[in-house]
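Contents: one structure, followed by commentary.
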Amino acid sequence: GAGVSQTPSNKVTEKGKYVELRCDPISGHTALYWYRQSLGQGPEFLIYFQGTGAADDSGLPNDRFFAVRPEGSVSTLKIQRTERGDSAVYLCASSPFTGIVNTGELFFGEGSRLTVL
Amino acid sequence: AQSVSQHNHHVILSEAASLELGCNYSYGGTVNLFWYVQYPGQHLQLLLKYFSGDPLVKGIKGFEAEFIKSKFSFNLRKPSVQWSDTAEYFCAVVGGSQGNLIFGKGTKLSVKP
């Protein structure tokens, strides 16, 4: 596709359940980012991949959060034992940044809105 | 650690008014600075960016921003806003050779027709 695609667009789950959010980046983009945006806040960095490896996962809030990108393209953000505080819009972005000079132009998807009841 | 502060949470202007949104960052080294915009119902998109050279950078739709290193600021300006500029604006920074952008909390701009 032409842009970053995220599924599902909306997810409602119960506290304690497991959730997976998927991101399909722009073809050829080596860098992939996950951010979380709560109401009234800016995007909060979670994790960033270069190819298949996590180049920086310092933003993951705790060990309930995990992300993979096994083939260097599609990425899945996994949240175990969800809590009400996990409710937010999860944003994925991709970039042609190869780890040398960061142009900073991230191409964002529409986001996945997660609601934990 | 890097951080970004945006001073205004919500700005309300009438059409044709001038706009200035404040942004300050904290990072001691070389920085790249960005403004992103999110129109209602749309995804975040890049408005303009600064890397080096002329500290006054111009972006899309008549927006510009000025990097003032001594003030650690990167304020966004537009001489005359339009109703279609209603959106949320986010300042962001990436320091040195790091890969991830750090965003401010955003400023919501409402332009009255």
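Here, each number is a calculation from the coordinates, and none is a lab measurement. Just so it is clear, the structure is predicted and the values come from calculations on it, not from any experiment. Quick reminder, even Gly has a Cβ in these numbers, built from the backbone with ideal geometry, and neighbours come from all protein chains shown.
Listed values, structure above:
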| item | result |
| --- | --- |
| Calculated Rg and Dmax of the stretch A:42-100 using C-alpha coordinates, Å | 12.0, 38 |
| Cα-based convex hull, the stretch A:1-64, per residue volume (Å³, whole number) | 123 Å³ |
| Volume in Å³ per residue [convex hull over Cα atoms, computed for chain A] | 95 Å³ |
| Nearest-20 debye value, chain A charge dipole, Cβ charges on Lys, Arg, Asp, Glu | 380 debye |
| Simple spin-label estimate for A:Ser38 and A:Arg22 in nanometres, 7 Å along Cα-Cβ | 2.9 nm |
| In nm, spacing of pseudo-spin labels at B:Phe51 and A:Thr98 (7 Å Cα→C-beta vector) | 1.4 nm |
| Selection from A:Ser75, B:Cys91, A:Ser9 lying farthest towards where the dipole of the protein assembly as shown points positive, charges on Cβ | A:Ser9 |
| Cross-link pairs beyond the 30 Å C-alpha cut-off, checked among B:Lys61/B:Lys105; B:Lys78/B:Lys105; A:Lys78/B:Lys69; B:Lys69/B:Lys108; A:Lys15/B:Lys105; B:Lys58/B:Lys112 | A:Lys78/B:Lys69 |
| Computed over the protein assembly as shown, the ratio Rg/Rh where both radii use C-alpha atoms and Rh is Kirkwood | 0.97 |
| Debye, to nearest 20: dipole size of the protein assembly as shown, +1 on Lys, Arg Cβ, -1 on Asp, Glu Cβ | 360 debye |
| Using distinct alpha-carbon pairs, which all enter the 1/r mean, Kirkwood radius of chain B in Å | 14.1 Å |
